[in-house]
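Below is one structure, written out as structure tokens, with a few remarks after it.
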Amino acid sequence: MDTALSPAVVGDVLAGIATPHLAASCLAAMHRVTPVTFCTVFAVDAAGRIEAVSAASSYGTTAERTAERYVAQRFDLLDPNMTWLAARKLPQRAQLWLGHQRADEVADPAYRAACYGDVGIRERASVLLLTPAGQRVAVSFYRSLAQPEFDAGDFAAIEGHATLLADATLAHGRSAMATREAVAPAFASRLLTLSLREREVIGHLLDGKTAKQVARAVGIELTTVRTHQYRAFRRLGIRTQKELLLRGAREAP
């Protein structure tokens, strides 16, 4: 669908590339077009490993907590978006589709409860991407029970922005890959075990921010930053920010 894109929408999406806030940027952009409650961005590589996750909510941290449950319980193995993409023949160039799923269409009760029922979600509309390398990406927008169902106009609006969302996600993924390649492989694999909020805090610390600066940037209390930092450091096997920076720079080319 050929649609003239608003510069404000484009700017919102592009602002999230290479930051922990890609889903928040996509959510802000889509709010200019049609009302939605959550946004999630999931990427799974050809080997089935979840390699990128971003989530945002119009209220609180509900989407982030839901995404953490999705990853921890490997709901991607039950997710119709990901299973459908996995069954597709690899294309010669990246291909896009639109997906739609209602809560009452989800067969698995645990998946349905975690991602729909427990958080009051009615349905989702998704931009689906499959790359020649086998990477599966879904950028999804969710409506709550308090909102009307998606209609033809909503689907047309999402379709009109599908290429922008896909290109931004691919650019974000390349940035994340470059970051992972700049650290020791074992250390990079440990980063993937962190929660979304822990990864966000660690990302700011790797940029050289202090805990106080992280608290301001993320919009949470300093004590909460310290808690996430402590838990992340334990999982990463380090004790200080200096050690974090050294580990991050040790394998840089």
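Descriptive notes on the structure:
- Among the residues of the stretch 17-50, the ones that are touching a Ser or Thr at 6+ places or on another chain (Cβ under 8 Å) and under 21 Å from Arg190 (Cα atoms) come to 7 in all.
- Yes/no for Thr210 being modelled with pLDDT of 85 or more, open to solvent by 60 Å² or more (accessible area, probe 1.4 Å), among the hydroxyl-bearing types (Ser, Thr, Tyr) and more than 21 Å from the chain's Cα centre (by Cα): yes
- Extreme residue, nearest to Leu77 (Cα to Cα), among residues of the stretch 20-50 that are modelled with pLDDT under 90 and surrounded by fewer than 15 Cβ atoms within 10 Å (Cβ to Cβ): Gly48
- Listed by first and then second residue, the pairs linking a residue in the stretch 70-93 that is within 15 Å of Cys115 (Cβ to Cβ) and acidic (Asp, Glu) to a residue that is modelled with pLDDT of 90 or more and in a helix (DSSP H, G or I), with Cβ atoms under 7 Å apart and 6 or more places separating them unless they lie on different chains, are Asp76/Met82.
- Test: residue in the stretch 174-188 that is modelled with pLDDT of 80 or more and not small (Gly, Ala, Ser): no
- Any hit, the stretch 91-101, residues being aliphatic (A, V, I, L, M), touching a strand residue (DSSP E or B) at 6+ places or on another chain (Cβ under 9 Å), within 22 Å of Asp45 (Cα to Cα) and open to solvent by less than 40 Å² (accessible area, probe 1.4 Å): no
- Selection of the stretch 51-62 for residues being crowded, with 18+ Cβ neighbours inside 10 Å and either more than 18 Å from Thr169 (Cα to Cα) or among the hydroxyl-bearing types (Ser, Thr, Tyr) (or both) yields Ser54, Ser57, Thr62.
The values are calculated or read from the model by the stated rules, or taken from the named source; none is laboratory data. Bear in mind that the values here come from a model prediction, so they are computed numbers and not experimental data. Please note: Cβ atoms are built from the backbone with ideal geometry, for glycine as well, and neighbour counts cover all protein chains shown. Keep in mind that these areas ignore ligands, DNA and RNA; they rest on the heavy atoms of the full protein, side chains included. Shrake-Rupley method; radii C 1.70, N 1.55, O 1.52, S 1.80 Å.
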